[in-house]
Amino acid sequence: MTSTELFDGRSALWMQTAVAAPDTAPLLESTSADVTIIGAGFTGLNAALELISQGLTVCVLEASWLGFGASGRSGGQVNVGLNLDPADLIGRFGEEAGTRLVRAVSNTPGTVFDRIKQFGLRCDPVQNGWVQSAATQSVLDWQAALAEDFAKYGCELQVLSREKARAAIGSDKYLGGLFCPTAGTLQPLAYTRELARVAMERGVRLHTESAVTRLEKTNGWKVHTAQGSVSCKKVLVCTNGYTESTPVPGLEKKVVPIRSVLAATEPLSAELRAKILPGEVSFVDKRRLILYMRYDRDGRLCCGDHGPMRDEFTRTDYDAMKKRVVEIFPALRDTRWDYHWGGRIAFTKDSLPFLTEIEPGLVAAMGYNGRGVGMGTVLGVEAGRFVAGLDKEKLSFPVSSPKAFALHRWHKPGVNMSIKWYALRDHLESVRA
Ligand SMILES: Cc1cc2nc3c(=O)[nH]c(=O)nc-3n(C[C@H](O)[C@H](O)[C@H](O)COP(=O)(O)OP(=O)(O)OC[C@H]3O[C@@H](n4cnc5c(N)ncnc54)[C@H](O)[C@@H]3O)c2cc1C
């Protein structure tokens, strides 16, 4: 590989180890369905499965290949769905809706692993738990409060002492950490392809290379692609970090697409694996700019970090991340890095995903702030239920009107400045620690 090589979704490790995708083709006709879903990632496909199980006809339109979006590029960590305190969620949505949400969030890993079993999805699920490190006392205190709050809702988060964190991570850089035993990992592209396979076997029509170019209001909706159209009663938009090409005016201003890069090592020796994340837990080095890691099924260590604000990455975009990884695990100094890729994460103004009805019959679900494997699954199902007509009060996710970013057109320089600022603060904190 040379430094001029560009990395994106096609260069992801997952492309080499996923089960084959089901056969799909572009939409080449005018057809009809009860519901059209735009975007075939975790959200759209879980919604499609829910809708078809309720007896509705469903057509999913994907602009590119299956897994083109974040779902085919993700780190595949299946975590508790949100990075927010239960008290905060209840404060925002009230006691009843907030409690329903906290319970759903607490059980996100369980929901994902249960669905994998229920549908027989071949996507290398591993449920060894997740460790989040704490390098400062303030993070440790925050983790202790979070664990106490989540415990009230039956969600087990264990606070790790310095010794236990060292044993779980394989590094003595940390003061302690947090452990979630129900969390784990999966092969994200395989999960996407398998959700699509099962949905299609159950009657969902799925078209790839079928970008939606226009939404026309009829007595329902007519959804246009370059070579076809779908007449339907309702439309569900599930485009997350790739929303800028969706023809729903204003929706793109509700998410800021931030890039994350991932690289995978050569398969590590048994000796190295016994030292680095020895229980094969997934791991997040908690700082303002997080670093995340997990093993794949062949013992490659996959490590992720924030990336530059463009969609194709060059070899140097991974240098800072590799340096940080070696600082944590010096034994990886001479390890070869075999795969490099990255994609877009959708951030929202209030750090929460949203389920929103833009106008009657036009619904959107997105904005996972980097936690979309679990939350995209849960919210996909909930969005399907909402579109199928379930009463809002019975949903575990509130229907809301998310705020747009005021200076959205300047988000690229804004994000770049924030990254520099966060990096500086992280550096100062680690020097102090
Ligand atoms: C590098 C990276 C690492 C990540 N790691 C983790 C992790 O470890 N754990 C975790 O929980 N989350 C992680 N995430 C986040 C998670 O992967 C996403 O939140 C999740 O995949 C979002 O799924 P989705 O279905 O909503 O959207 P996506 O999977 O992004 O799918 C959206 C789809 O919409 C399509 N689309 C856009 N416009 C149109 C149009 N006009 N017509 C038709 N289709 C259209 C796109 O082509 C795309 O395929 C990561 C994300 C990235 C990028």
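The values are calculated or read from the model by the stated rules, or taken from the named source; none is laboratory data. Bear in mind that the values here come from a model prediction, so they are computed numbers and not experimental data. FYI the Cβ positions are ideal-geometry reconstructions off the backbone, even for glycines, and counts take in every protein chain you see.
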Residue that is of a type in the set (A, V, I, L, M), touching a residue at least 60 places away in the same chain (Cβ under 8 Å), more than 23 Å from GLY170 (Cα to Cα) and not in a strand (DSSP E or B), where the choices are VAL235, VAL248, VAL223, VAL230: VAL248
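This table checks each residue for (1) crowded, with 21+ Cβ neighbours inside 10 Å; (2) of a type in the set (D, E, K, R); (3) away from the ligand (no atom under 12 Å from the Cβ); (4) within 30 Å of VAL381 (Cβ to Cβ).
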position	(1), (2), (3), (4)
SER282	yes, no, no, yes
ASP311	no, yes, no, yes
ARG315	no, yes, yes, no
LYS322	no, yes, yes, no
GLU327	no, yes, yes, no
Region 154-192: number of residues that are part of a helix (DSSP H, G or I) and out of contact with any Cys (no Cβ under 9 Å at 6 or more places or on another chain): 8
Selected residue [modelled with pLDDT under 95 and over 22 Å from the mean Cα position of the chain (by Cα)] from LYS412, LYS392, LYS403: LYS392
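Per-residue answers, yes or no, for (1) under 30 Å from ASP317 (Cβ atoms); (2) more than 10 Å from the ligand (Cβ to nearest atom); (3) touching a helix residue (DSSP H, G or I) at 6+ places or on another chain (Cβ under 8 Å):
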position: GLN187; (1), (2), (3): yes, yes, yes
position: VAL212; (1), (2), (3): no, no, no
position: VAL248; (1), (2), (3): no, no, no
position: LEU262; (1), (2), (3): yes, no, no
Count of region 369-401 residues which are in contact (Cβ under 8 Å) with a residue 60 or more places away in the chain, more than 13 Å from the ligand (Cβ to nearest atom) and in contact with a Pro (Cβ under 9 Å, 6 or more places away or on another chain): 1
Selection within region 54-79 - more than 9 Å from the ligand (Cβ to nearest atom) and out of contact with any strand residue (DSSP E or B) (no Cβ under 6 Å at 6 or more places or on another chain): GLN54, GLY55
Answer residue from region 51-83, given it is within 28 Å of ASP149 (Cα to Cα) and in contact with a helix residue (DSSP H, G or I) (Cβ under 8 Å, 6 or more places away or on another chain) and is surrounded by the most Cβ atoms within 10 Å (Cβ to Cβ) among those: VAL78
Test: residue in region 373-395 that is touching a Lys or Arg at 6+ places or on another chain (Cβ under 7 Å) and surrounded by fewer than 14 Cβ atoms within 10 Å (Cβ to Cβ): no
Check on LEU195, touching a residue at least 60 places away in the same chain (Cβ under 8 Å) and assigned to a strand (DSSP E or B): no
Residues of region 338-361 satisfying the condition of being assigned to a strand (DSSP E or B), among the aliphatic types (A, V, I, L, M) and crowded, with 19+ Cβ neighbours inside 10 Å: ILE345, ALA346, LEU355
Enumeration of residues in region 152-169 that are surrounded by fewer than 19 Cβ atoms within 10 Å (Cβ to Cβ) and more than 18 Å from PRO86 (Cβ to Cβ): SER161, ARG162, GLU163, LYS164, ARG166, ALA167
Given (1) touching a helix residue (DSSP H, G or I) at 6+ places or on another chain (Cβ under 7 Å); (2) among the polar types (S, T, N, Q); (3) part of a helix (DSSP H, G or I), number of the condition THR316 does not satisfy: (1)
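For every residue, the table says whether it meets (1) at negative phi; (2) over 22 Å from the mean Cα position of the chain (by Cα); (3) surrounded by 22 or more Cβ atoms within 10 Å (Cβ to Cβ); (4) polar (S, T, N, Q).
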| position | (1), (2), (3), (4) |
| --- | --- |
| VAL126 | yes, no, no, no |
| ASP141 | yes, yes, no, no |
| PHE150 | yes, no, no, no |
| LYS173 | yes, yes, no, no |
| LEU206 | yes, no, yes, no |
